[in-house]
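Beneath this line is the structure, given in structure tokens, with notes to follow.
The values are calculated or read from the model by the stated rules, or taken from the named source; none is laboratory data. What you see is a predicted model, and the numbers here were worked out from it, not measured in a lab. Neighbour counts are summed over all protein chains in view; Cβ atoms, including those assigned to glycine, are modelled from backbone coordinates with ideal geometry. Areas reflect the complete protein model, heavy atoms only, side chains present, ligands, DNA and RNA absent. Shrake-Rupley method; radii C 1.70, N 1.55, O 1.52, S 1.80 Å.
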Amino acid sequence: MYIIVDDRESVTNSYVGGLVREGVSSIGFSSGEFWDWLQSASEPDLAAVDAFLLGDCDARGSLPRAMRKRSSAPIIAMSGQKMLKNTLELFESGVDDVVHVPIHLREILARTAAIARRRVGELPRPCETRIQVFFNGRDPEIAGHALTLPRRELRILEYMVSNHGKWITKTQIFNAVYGIFESTFDESVIESHVSKLRKKLRDRLGFDAIVARRYVGYRLNIPAGETVDVPMQELDEVGILLNRAHVAPAAYPAGN
């Protein structure tokens, strides 16, 4: 889920609408509303945040440090001023990246993935890759071939890739796909989405990549085994690669 903070309601509505069309849940706040939410938000709600997009608001200089005290999600400042002084001030305030508007939403998604990737560490070698997810709206690839997915199934796969080897609950997936403020749908809809995604991955991979356990949740598990070569020219794409030779399942910590 993306949270947009901007005191201009028309701007937050525009970003929310665009992200939803990209299959990414989001919500917009004014700076005052966001302060109130940030102070009272639960840990599970904060864990569902993929990134904060910080627009034009009076408290922009002090918000990033307050965000960082409660969340490790990337903070991206959106600026309409292409001035070095303004950009440096934004970085000094504690943001992870600064983008200048207008900007395509897919670039923001790709920048978010790049920040998360840098925090995780080095990418594995391409010859050790089986699934490649780009986090920018592009279809994922399995063994170098595109797998077309409805946007919500794609979002679930992205979330599972980000948590590869970990048990994740139905609630966590629902929050990532539909957002923590969604009340129209029930969490049970996730079971249908995961079932369809699981079948498509099994048809391509030849085994169940998604493990389901009652009362625990789901886990994406790509076991060690034969490697699949990926063309070198694909390395310039923004993506997160699953290293088949370094899978170490961890205990659960915690569209269409």
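Rounded to whole numbers, the Karplus 3J(HN,Hα) couplings from phi for region 36-42 are 4, 5, 4, 6, 10, 5, 7 Hz, using 6.51 cos²θ - 1.76 cosθ + 1.60 with θ = phi - 60°, and x at Gly and Pro. Entry comment: accessible area of region 15-99 is 46 Å² per residue, from protein heavy atoms only and a probe of 1.4 Å. Among rounded, prolate and oblate, which fits region 1-101 when a ≥ b ≥ c are the square roots of the eigenvalues of its C-alpha gyration tensor, a/c under 1.5 means rounded, and a/b larger than b/c means prolate? Taking the square roots of the gyration eigenvalues as a ≥ b ≥ c, region 1-101 is oblate.
Could you size up the charge dipole of region 1-134 around its Cα centre, putting +1 on the beta carbon of Lys and Arg and -1 on that of Asp and Glu, and report it in debye to the nearest 20? The dipole of region 1-134 has a size of about 520 debye.
When the trypsin sites (Lys or Arg not before Pro) in region 17-93 are filtered for DSSP coil states and for at most 13 other beta-carbon atoms within 10 Å of their beta-carbon, the remaining sites are K82. Distance from the alpha carbon centroid of region 5-48 to that of region 145-163 works out to 23 angstrom. List every residue whose amide H lies under 5 Å from the amide H of R130, counting only residues 5 or more places away in sequence or on a different chain, with H placed 1.01 Å from N in the peptide plane. Long-range HN contacts for R130: L242, R244.
Residue ranges 197-203, 101-107, 51-57 sort as 51-57, 197-203, 101-107 when ordered by packing (mean number of other C-beta atoms within 10 Å per residue, highest first). State whether region 1-47 is rounded, prolate or oblate according to the following rule on the C-alpha gyration tensor (a ≥ b ≥ c being the square roots of its eigenvalues): a/c under 1.5 gives rounded; otherwise a/b larger than b/c gives prolate, and the remaining case gives oblate. Here region 1-47 falls in the oblate category.
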